[in-house]
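Report on the structure given below.
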Amino acid sequence: MITKTAMITICGRPNVGKSTLTNALVGEKIAIVSSKPQTTRNRISAVVNRGDTQFVLLDTPGFHKPRTRLDDYMAKVVRESVADVDAVMLVVEPIASVGPQERALIERIRQTGAPAVLVINKIDTVEKAELLAVMAAYGAAYPFAALVPISAKNGEGLTELMDELQTFAEPGPQLFPDDMISDMPEKQICAELVREKLLLCLDKEIPHGTAVEVTKFSERENGIIDMDVTIYCEKDSHKGIIIGKKGAMLKRIGALAREDIEAFMGTKVFLQTWVKVKENWRDSGALLRNFGYTEQ
């Protein structure tokens, strides 16, 4: 019986493992992950039920200096997501100095007055003794309610983290049904899974200049799903690279995406992909709205 709720924002600079942490806490993959920065573009609400408490975790884009209107949108998502929540998790790497992006986020947290937990991720990559210097640096920068070392990759420290987050829960009604793990529509999650494979298979700036739209999503009587997906890129030369020689790259992207989509949907999926060019879409307000990058 859910009698308490806690809305928690997860923030940090790109590539610190926010989405990996979100997936680990939920127990299922709802946020795409990549070794490339700026993977997450929208705020993702993940739902975790633990005992009598429902946690709503807001996974946000990596906080970075904007270069395009899409970047501006992503930065605004982060700034606004830090306000009006029960607590904020600032996720950092185990480095014994506070970087400029972390200082900017700490200042935003200070402005909102939200209680904050420092989450030191990737502790599996350093000696435990090194964490003392990291804790000292961040402890001097801000009065965090708790400092929790974790490894989102192998699950170390996650129970302790959830115990800390429990302290921010407030009495309140259940916000999401028991079987709901995210407020993202299925079509959006499927589009994100395709974009994850673009990040995996393509290099340099090309995957960051892509957007994915599910243009057909229909279910047959036998449960099989027919899905059409359009991949948008910014240049004709990028289109050729995405498609690849004799369509080999697009076929690889589609096969990898279909495997994850079938695992997520729990049924067989017939996936068809197309590639179209939309020049400078990351600086077009109309196209950003069309691709789902709208005001929160």
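What order do you get for 233-246, 9-22, 183-196 when each peptide is scored by the mean count of other beta carbon atoms within 10 Å, highest first?
By packing density, highest mean first, the sequence is 9-22, 183-196, 233-246.
May I ask for log10 I(q)/I(0) of segment 146-238 at q = 0.12, 0.22, 0.23, 0.25 Å⁻¹, from a Debye sum over the Cα atoms as equal point scatterers with solvent left out?
At q = 0.12, 0.22, 0.23, 0.25 Å⁻¹ the computed log10 ratios are -0.71, -1.08, -1.12, -1.21.
Which distance in Å, rounded to a whole number, links the C-alpha centroids of segment 176-216 and segment 105-133?
Using only Cα atoms to place each centre, the spacing works out to 28 Å.
Treating only the Cβ atoms of Lys and Arg (+1) and Asp and Glu (-1) as charged, compute the dipole magnitude of the chain about its Cα centre; round to the nearest 20 debye.
In total the dipole reaches around 1280 debye.
Tabulate in residue order the Karplus-calculated ³J(HN,Hα) for segment 214-223, using 6.51 cos²θ - 1.76 cosθ + 1.60 with θ = phi - 60°, rounded to whole Hz; enter x for Gly and Pro.
Computed from phi, the couplings for segment 214-223 are 8, 9, 9, 8, 9, 10, 7, 4, 8, x Hz.
Stokes-Einstein diffusion coefficient for segment 186-290 at 25 °C in a medium of 0.890 mPa s, Rh from the Kirkwood formula over Cα pairs: what value in µm²/s?
Roughly 175 µm²/s, to the nearest whole number.
May I ask for the equivalent-ellipsoid semi-axes of segment 133-194, computed as the square root of five times each C-alpha gyration tensor eigenvalue and listed largest first in whole Å?
For segment 133-194, the ellipsoid semi-axes come out as 30, 19, 12 Å.
Can you work out the FRET efficiency for the pair Thr215 and Lys76, with r the C-beta to C-beta distance and R0 = 25 Å, to the nearest 0.05?
Calculated transfer efficiency: 0.35.
With each run of n ≥ 4 DSSP H residues scored as -39500 (n - 2.57), what mean residue ellipticity at 222 nm is computed for the chain after dividing by its residue count and rounding to the nearest 500 deg cm²/dmol?
-10500 deg cm²/dmol
Taking the Cα atoms only, what angle lies between the long axis of helix 100-112 and the longest principal axis of the chain, rounded to 10 degrees?
70
Per residue, what volume in Å³ does the convex hull of the Cα atoms of segment 4-171 enclose?
Convex hull of Cα atoms, per residue: 102 Å³.
Please report, in whole Å³, the volume per residue of the convex hull around the C-alpha atoms of the chain.
136
Too long at a 31 Å Cα-Cα cut-off: which of Lys76/Lys251; Lys245/Lys268; Lys122/Lys268; Lys18/Lys246; Lys128/Lys187; Lys36/Lys216?
Lys76/Lys251; Lys122/Lys268; Lys18/Lys246; Lys128/Lys187
Please compute the alpha carbon radius of gyration of segment 100-165, then divide it by the globular-protein estimate 2.2 N^0.38 Å. Two decimals is fine.
Normalised Rg, Cα atoms only: 1.14.
Once both axes come from the Cα atoms, what is the angle between helix 248-265 and the longest principal axis of the chain, in degrees from 0 to 90, rounded to 10?
60
Among Ala136, Phe55, Pro100, which residue has its Cα positioned farthest towards the positive end of the charge dipole of the chain, with +1 placed on the Cβ of Lys and Arg, -1 on the Cβ of Asp and Glu, and the dipole taken about the Cα centre?
The one lying farthest along the dipole's positive direction is Pro100.
Every read-out reported here was derived from the displayed coordinates using simple, explicitly stated rules and does not represent laboratory data. Because the structure is predicted, anything quoted here is derived from the model rather than measured. So basically every Cβ, Gly included, is an ideal-geometry build from the backbone, and we count neighbours across all protein chains shown.
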